[in-house]
Structures are given as C-alpha cells and as structure tokens.
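One structure is given below, encoded as structure tokens.
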Amino acid sequence: MMRRWFHALSRWKKIFLVLLAFLLVWYLFSLPRTLFNSPYSTLVSDRNGELLGARIAADGQWRFPPADSIPEKYKICLVQFEDRHFRYHPGVNPLSLGRAMAQNIKAGRIVSGGSTITMQTVRLMRRNKRTYFEKFIEVILATRLELSRSKNDILVLYASHAPMGGNVVGIDAASWRYFGHSAGSLSWAEAAVLAVLPNSPSMMHFGRDRDGLLKKRDRLLRQLYDNNIIDQTDYELALLEPLPNHPHPLPQIAPHLVTQAYLQRPGNHIQSTIDKHLQVRTEEVLNHWNKEFSQNGIFNLAALIVNLETNEVLSYNGNAGFGTNAYGSQVDIIRSPRSTGSILKPFLYCAMLQEGVLLPSELLPDVPININGFAPKNFSLGYDGAVHADEALARSLNVPSVVSLRKYGVPKFYDFLKKAGMTTLNRPADHYGLSLILGGTEGTLWDIANAYARMAHTVMDYNRDGKYYAWESFNLVCDEHPSGERRPDESPLFNAGAAWLTLQALTNVNRPEELNRDFVPSVRRVAWKTGTSYGFRDAWAVGVTPKYLVAVWTGNASGEGRPGLTGARTSAEVMFDLFNILPATGWFGTPYGELVEAAICRESGQLKGLYCPETSIDTLLVPARGLQGSVCSYHSWVHLSDDGQYRVYEQCAGDRGIRTVSWFRLPPSWEWYYKQRHPGYRSLPPYSPECASGNLSDAVMQFIYPYPGAILRITKQMDGSRGKAVFELAHRNPSTRVFWHLGADYLGETSNIHQMELSPDPGEYILTVVDENGVSVSIRFTVE
C-alpha cells in the first residue's frame, strides 16, 4: 500500500520526501560519539582529590580533563553573562539570533553572534571558521546536543573547553594558572573573570592594559547584585579584588609519580592513594637530609611510605630536588634497578626457617671462606668464629649469609625471590651464584618494598582470622582503584610463624659502629634492615610495623660511590625520621597456630641434644618444621681428671682420677676467632701425658684459609712480580709447633701464629701440616 502511495506521488514530492528522510537521518546521527578530540593535560590528585601535579597536553595547552561538575558560583556567572535563558531554550534562542542579525546588518559587519551556551559549545567542538552556513550547522547541532545531554553536562563541556587566554583552556586550568587554587575555591570576583574571559580571551595578557576585562567583570558583578544573587557585602568585596598580575605555577608534589602517570596514562585525571599532607612532610624530611648528604657528594634520595592495612602508597618520593634538574634528580629511583646489597638477607632467613633447615638462633660459621674463588668478607672485616643466626641477620654478617645460601641452594632462593615480586631477576640463577645474597643482583625500591610488605601481610592476615590470603594485583598501586581484593591462598609463599620470627629478629638490628639507635629520638619499635652495595654506591633501609612500611634508598643516580654511603649512616637515619612523622602503632601479634615450642640448646641454638646440660636448655617458639632441624652437635661428653686440668680415659687416668662433664666445643677454625670475642669460652684441656699417645686423631687443628677445594688466583704485584697467598691454620694450642709440607716439599715450621706465605705455580696441590704431637691435617686446592 505504501509502495503504491509512493509511486502515485509526483516526481518533486518524491525528491522532497527523500531529502527530508536524509536530513532526518543526518540530524539523528550528526552528533559525533566523541564530542571533543582535543588532547588533555595529565593530572594526578591525592586520595582526597587535592591536586598534586600536572603535565601539559600534547598540543602545548593547559587543558584539564572535563570534571563531573562545575562550581555553582561560576555556573551562575556564566549563565548571567552569556545566556540568561539557558535553562529554558532548546539550544537555540530565536530572539537572540534575530537581534544579532539586525545588529550585524545595521553595522555592516559581525558584531554579535546571538549564540547560546549550547551553540558556543558546538562551535568549540567544531573549531571551524565563523560563517552564516556554519552558524546554521551550529543551530542544528545545538538542538541535537540538547536532546542527548543534560543542561549541566553542556555547561561542563563548555567550561572545560572555553579559551581562557594564552595556552590556558577551561576553568580548571585557568583557576590554577591565574589564581593558584582549584575551581572549587573560586570567589565571586574570580568566577566573574572566568565567565567573561572566553568572550575576549586576549584580555588576559599580563603585559597589557586590562581595563576592559576589569570593566566587564565589574558589570557582571553589578548584574549579580542587581538581581539579588549576591548581597552588598559580597559585591563590595568582589570589586576590591584585583586581577591576577602573573601566572601561578601548578603544584609540584610527588613529581615523579606525576611523570609516571603522564608516561603511562597521558591525558587522564588520576586520583592516587597519596596523602598530600604526608607527602609534603616527607618531601621536607628528604630535602633536609639531601642537603646534608650532598656535602659528601651524595645527591639522590628516594622514599616510599605504605599503609599496610590498606596496601596503599601514602607517599611516593622518586628522588629529592626534582625542580633543580641537577645530579639526576629527575630519575625515578623507586622504579630504577640498583644493586641490592644485604637487603635481601631476611628472605633467606625466613625461607630456611619455614623449611626447617635453620633454627632461629642456630650457630653459623663466621670465619674466612673461599668458595671457588668467591671469598666474601664481613663489612667490619672481622670474624666472630660462630654466631647465632638471628644475631647474624641483625648484624647483617656476610659470611654466615653466604654459608646459609650455600646450604639452602641458589636456585631455590632465586625462585623464592621471584615469587616474592622481584621482577629484575632476568638471568638464570647460576649467573648470580652465591653473590645473590650480597648484592650480586639488582632490585627496585618498589619490588623490595613489595616483598617486605608481603611478609608483613602474612603475619597480619593470619593473626586476623587464621588464614592466608593472596592479594590481586599486589603492587602497592597508586591509582583510583586501589588493589587489595583478598582471596584465600592455598600455597602461601611465607609461613606466618617464620615471617613473625624474621620480623622479631629485625627489631634487634643495631649498627653501633654506624648508627646507635639510643641516640635516635622517639624511635618506634620497628623491624628494619639496611643494605649497602659494593663500592658504597647504594644504601638501603626498609622498616616495617603492623601499619606502615617505610623504604628508603640513598646514593647517586650516576652510580658513583662515596665514602660513608652505607645503609645505616644514611638511609636508616632518613627512615627513622619518616617513622617519627607517622602515628605510633602496636606490634605484630604472635601467630601461635604456626609455631610450636621446642627445647633449644642455648649455646648452639640447635635442638636439645643428648649431651646438652639442663642449665643450657631454653624453651623457644619455632616453626613446626623446625622440630626436624639439627640436634646439638657441639656438646659432647668429655672425660677430665679430677682437677679438670687434663682430658683422660679410664684406662690411662691413673691417680689423676676421672669425671665426665658436658663440654661445648667448636671446630678449631671457628674456635680461634670465637675465643677473641667470647672470653668465657673454654678450650678443651690437653690430654694428660699418660693418655696423649692414643689420641693423635683428635681434631686439634683446622685450616682457616684456604677453604677445602678452593680455586686460588694469585695476582701480580705493582712491580710485576708474582704475588703470594697467605695460608692460615687454627690450632687449639697455638704455642704448638706446626710443620708445613706442600706435596713432597717441606716448607718450614710455625708456632703461635700459624701462617705461611706461598706462591705456587698453576696446578693442583695438597697442603699438609703436622704438629709436634704427630697430628696431621691436609687440604686440596687449585691455583689458576
């Protein structure tokens, strides 16, 4: 029927209907889905919406992303000045258009546009040359815009894209650039200026006479007063406000975070989890220390503060002195890989505890070692002989850590670190070797802080409801969508008991030669660890409480090392200052469900053995698998004469008598150093003359250097001659004479100090020593 009706129409009527249908379709779909294609500035605000900083848009304009609303004062001023009937017309005001046309015809040129706010928004969107045809298009699109958007949305679009003079676009950018604060804080006078400015944006030129702008503003204020929108007091005060005489710089708070947002999400307004006021105080602390450190040629300093309860970053300080653009201050150290030093040691301690291969206070060797040419030394260059594991961690001793890693296994620890969030381990485990625990790898402050946070979270989660949780996107994310959705974790990386014991050990950290905590004011109870890289290039400090984590790095972005650049002397000082500006907290509860009581030998730190005296037994908490740990191997029964002067056997004791006691004794090489730091340690007395001949096999001496199977590299001296290696031996009775043999060659004898300088040619050797009692010890080594 419709087809017959259409065919019955005349040719012109058919053309008219087709044209009408085309115009209808064009009208319905003429408005683009994206109204404005202009690039926007990148904004970062804090958790409360306060602006931290911004980066200019790609086209060189300060154009902030559109907000959800605009201030009421500006809205009133804008409508009063531009379009009083804005709330009532459908996007076009025919009376205004007619009046403007009459004025233009009378003047012979365009003196008035008659455009509504909606039409001006369309013009800003299209940015075409002003012609009568363009005006017609604006009329059509304005009505279309009114159908698709609310009046408030249209006001927001206009206010966000209106030119405000120079390279400033929109009221948000103009408020900061001209008045130094957000649009939400505009006064009546400031709102009036921004309302009239798009009409003549060139008036906002700081080098020109702007009387015209001032008159326009005052006329608008008078209209507001006459219409009873503002009272006389507001009116008079507004008239007294001067126009801005210079542009204001935008805030530069957390600048490295703002730069990161600009690189990753340009043109967006990102609401971070940063606390602006804490950020400002943190930057003050860092600037103070940076000024002091710079006197020693240490120019860079970074810090991170995290709320562990919410997993949110509260303060992000990528580097000190961003605005100076000197000494690499614009490098974001938080995201930059740096040598880790000793900062990873707590993770090895925790991993070994939870697997039962180490007990919290188990004795570890602290003597010179050489493992295939790798000869680590303690920071102090001294040795304790033997030290309890928790003390070794607290004092950050290198040798016990290397011995522990050798026992645990480099590949296992490598995998553990990767699961803990270390993203910089991009080479195979054997590339790092045993140096992995001493700074042989690189890490970022972000990753390391994340790993410490995971360990603390394990204890906090378990204490909360006896369960383990995994955190989705566990990255300490600074974003408007904070991470932290918790889901049960069936295979947690950390055991709560082992993590708690690790944190307990870290509360006893002390560096008396570098940092005495007794002289640090208001020190809180903090589990903390420092690290210093080889060559004094990187100084780390990480501290943890049940609510906060503070991580600090100090050094030079260029990698230049400096004397005194250690974790305790630099980063730890900063870390404690930062803790002092945070609220005080309690301490981690004990996760009893993941700990068991064990009888531990006080001297050895191992499980109670058959020969441990009852007076040396303590009951301590250990992880459940710790019950499978080592039984004390340092106490043994010893037969002494009645006066305790000699060791004897029943068959040779004679008139000296015999009694049996429990004796704590260490291997000879350990004992030699141990006695120097523990005056109360008693070496075994010698055998009586009557019993000595039958005990030549007793372990009375041990090589300190080289380590069994060592590979030695003997370097040349300054004069080009071949250098020498110093071989060293420990004897329970140092005054005993010792005779040295290299293969079949006799080298000489020593007493009291058992050292021998040798310079063997490349090859494999056996070194044998024999003491005056006939006791011998041999060791194999290779010279490359």
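The values are calculated or read from the model by the stated rules, or taken from the named source; none is laboratory data. What you are looking at is a predicted structure, and each value in this text was computed from that prediction instead of being measured. We place every Cβ from the backbone using ideal geometry, glycine too, and count neighbours over all the protein chains shown. The protein model used for the area step is the full one, side chains on, heavy atoms only, and it has no ligands, DNA or RNA in it. Shrake-Rupley method; radii C 1.70, N 1.55, O 1.52, S 1.80 Å.
Once backbone amide H atoms are built at 1.01 Å from N, Phe379 has Asn398 as its partners under 5 Å, excluding neighbours fewer than 5 places away on the same chain. Segment Ala599..Tyr681, full-extension length gain: 27.3 nm, with 0.36 nm per residue of separation and the alpha-carbon distance subtracted. Taking the Cα atoms only, what angle lies between the long axis of helix 255-264 and the longest principal axis of the chain, rounded to 10 degrees? Computed tilt is about 70 degrees.
The share of accessible area on segment 707-784 that comes from carbon and sulfur is 48 percent, using a 1.4 angstrom probe. Distance from the alpha carbon centroid of segment 446-471 to that of segment 207-239 works out to 59 angstrom. Considering all alpha-carbon pairs of the chain, what whole percent are spaced by more than 34 angstrom? In whole percent, the share of Cα-Cα pairs in the chain beyond 34 Å is 64.
Pull up the DSSP beta bridges for the chain and report the antiparallel fraction as a percent, rounded to 5.
90 percent
Carbon-plus-sulfur accessible fraction, segment 145-301 (probe radius 1.4 Å, protein heavy atoms only): 49%. Every helix of 4 or more DSSP H residues in the chain counts as -39500 (n - 2.57), and over all residues that averages to -9500 deg cm²/dmol at 222 nm.
Taking amide H positions as modeled 1.01 Å from N, with prolines and chain starts lacking one, the residues under 5 Å from Val168 and 5 or more places away or on another chain are Trp62.
A simple packing score, the average count of other Cβ atoms within 10 Å per residue, orders the peptides 724-735, 332-343 as 332-343, 724-735, with the highest score first. For the chain, the per residue solvent-accessible surface stands at 47 Å², with DNA, RNA and ligands left out and a 1.4 Å probe. The phi torsions of segment 185-198, fed into the Karplus equation with coefficients 6.51, -1.76 and 1.60 and a -60° offset, translate into couplings of 9, 4, 7, 4, 5, 5, 5, 5, 4, 6, 6, 8, 4, x Hz, rounded to whole numbers, with Gly and Pro shown as x.
For segment 321-460, the convex hull spanned by the alpha carbon atoms encloses 136 Å³ per residue.
In segment 640-778, the ratio of gyration radius to Kirkwood radius, Rg to Rh, stands at 1.06 when only Cα atoms are counted.
When a/c reaches 1.5 or more, the comparison of a/b and b/c decides; with that in mind, is segment 137-291 rounded, prolate or oblate per its Cα gyration tensor? Note, shape of segment 137-291 comes out oblate.
Taking only the Cα atoms of segment 365-423, the ratio Rg/Rh comes out at 1.01, with Rh defined as the Kirkwood radius. Dimensions of segment 318-374 based on its C-alpha atoms, expressed as ranges along the principal axes with the largest first, amount to 50, 30, 16 Å.
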